[in-house]
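The values are calculated or read from the model by the stated rules, or taken from the named source; none is laboratory data. Being a predicted model, the structure only gives us computed values, none of them experimental. Here Cβ is always computed from backbone atoms with ideal geometry, including for glycine, and neighbour counts include all displayed protein chains.
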Amino acid sequence: MGKTIRDVAALAGVSTATVSRVLAPGTRRVTEGTRIRVLKAAESLGYRTNFIARSLKTRSTMTVAFIVPELANNFFMDVAEGMGEKLMSYGYTMLLASSGNSTEVEKSQLTMLADRGVDGMVVIPASSRGDHLQAIVDRGIPVILVDRIAEGVNLNAITSDNEKGAFELTKALLNDGYRRIAFVGGDITVSTARERLSGFARALAEAGIVPEPELICLGGMEVQDGYERMKAILESPNPPEAMVAVNLMVHLGMERCLLGVRAQVVIAGFDASEYTPFLPACRYIAAQNAVEMGRSAGTTIIEGINEKKAGCFQKGKSGGRVTRLPITIIRHEEEKNGTKSL
């Protein structure tokens, strides 16, 4: 027969209420001596908390959903690592889901997870649409955004200083003497792409350079998009001297297109990763602190959940504060010789 909370309380010499406080995730309302005594008693008896019963009683599943555009993107997984670490420290479990870069799938995932009783949601939106996110807040579930910002919804968000990062990345190429620089990739319905394009344009403007329309090579945020943009650039009659890749996935696609091609190419891109040393055309990387972004998101969503528990959370309202983390520009360790033009 399974042991009960009363058995644990009797062995530890405390009340059942004290046992509940000790075993409740994130609780700190007991002395360290009492906590250790209760935990030892629970372990010796083989007691396990019935989380289903607890969730029915507390109306909390101690879970936070994290919806990302795709699971294959290392940057998103680094964010997940930081957030999972922070949530665990508060006793919460992270549920990870992918929207497949589809707003409709994202909407379906949000509804399904809300129906399953998650305490809060963190979302990297698939597009700039925010109406379906607002619908979840209207149900009384705290929601925050990370990496990207959606329109038409007033949510707290944790992102990088993308505009400044792209500005500094482009400026580094300008300081190296490059004048005809292309911006490659980017879906302008995604806030990060818009902000990075804006920083790119600002750097050129401050250098007195008018962007050539053919050097703004927009189109997608994935590996295949980078491959196709790079292929078109290689076939163009007047290719650029250097390029700024909107993100790592596009950058990888560009480098893949260059395999076996005898062309001298200089690329500056976003997101440092373990792949960077294997990108021969890479000159500069704009490094985001993805893990710290995740930790910050974890802290922010817990704040929202605690506000709800304290009765301070208002349905339909979830902040509007945007926190932008700094980006660091890193020069690639292996400098290429003579890579001034294609």
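For region 269-278, the count of residues that are farther than 30 Å from ASN154 by Cβ, at pLDDT 90 or above and of a type in the set (Ser, Thr, Tyr) is zero. Would it be correct to say that VAL105 is surrounded by 19 or more Cβ atoms within 10 Å (Cβ to Cβ), assigned by TED's automatic domain parsing to the domain that holds LYS309 and either within 18 Å of the chain's Cα centre (by Cα) or aliphatic (A, V, I, L, M) (or both)? When the stated conditions are applied, VAL105 does not pass them. Considered as a group, the residues in region 83-93 that are buried (at least 21 other Cβ atoms within 10 Å of the Cβ) and not charged (D, E, K, R) include one that is modelled with the lowest pLDDT, and that residue is TYR92. For the condition in contact with a helix residue (DSSP H, G or I) (Cβ under 6 Å, 6 or more places away or on another chain), closer than 28 Å to ALA310 by Cβ and modelled with pLDDT under 95, PRO211 does not qualify.
Among the criteria (1) assigned to a strand (DSSP E or B); (2) closer than 19 Å to CYS282 by Cα, the one PHE200 does not fulfil is (1). Quick check, is GLY219 surrounded by fewer than 22 Cβ atoms within 10 Å (Cβ to Cβ) and either in contact (Cβ under 8 Å) with a residue 12 or more places away in the chain or of a type in the set (Asp, Glu) (or both)? So GLY219 fits the description; yes. Of all residues in region 262-287, those being among the polar types (S, T, N, Q) and over 22 Å from the mean Cα position of the chain (by Cα) number 1. If only residues of region 229-247 that are crowded, with 17+ Cβ neighbours inside 10 Å and either at pLDDT below 90 or out of contact with any helix residue (DSSP H, G or I) (no Cβ under 6 Å at 6 or more places or on another chain) (or both) are counted, the one that is farthest from SER127 (Cα to Cα) is GLU241. Checking ASP138, ASP161 one by one, the residue that is of a type in the set (Asp, Glu), modelled with pLDDT under 95 and either closer than 21 Å to ALA72 by Cβ or surrounded by fewer than 20 Cβ atoms within 10 Å (Cβ to Cβ) (or both) is ASP138 and no other. Take ALA80 and decide whether it is at pLDDT below 75, assigned to a helix (DSSP H, G or I) and not basic (Lys, Arg). No: the conditions fail for ALA80. Of the residues ARG256, ARG283, the single one that is basic (Lys, Arg) and closer than 22 Å to ASP187 by Cα is ARG256. In summary, ARG129 fulfils each of the numbered conditions (1) part of a helix (DSSP H, G or I); (2) under 18 Å from the mean Cα position of the chain (by Cα); (3) of a type outside the set (Val, Ile, Thr) with the single exception of condition (1).
Looking across ILE141, ILE158, one residue alone is under 18 Å from LYS107 (Cβ atoms) and outside any helix (DSSP H, G or I). It is ILE141.
Going by the conditions given, is ILE149 surrounded by fewer than 23 Cβ atoms within 10 Å (Cβ to Cβ) and β-branched (Val, Ile, Thr)? Yes, satisfied. Taken across region 273-286, residues that are part of a helix (DSSP H, G or I) and of a type in the set (Lys, Arg) do not occur at all.
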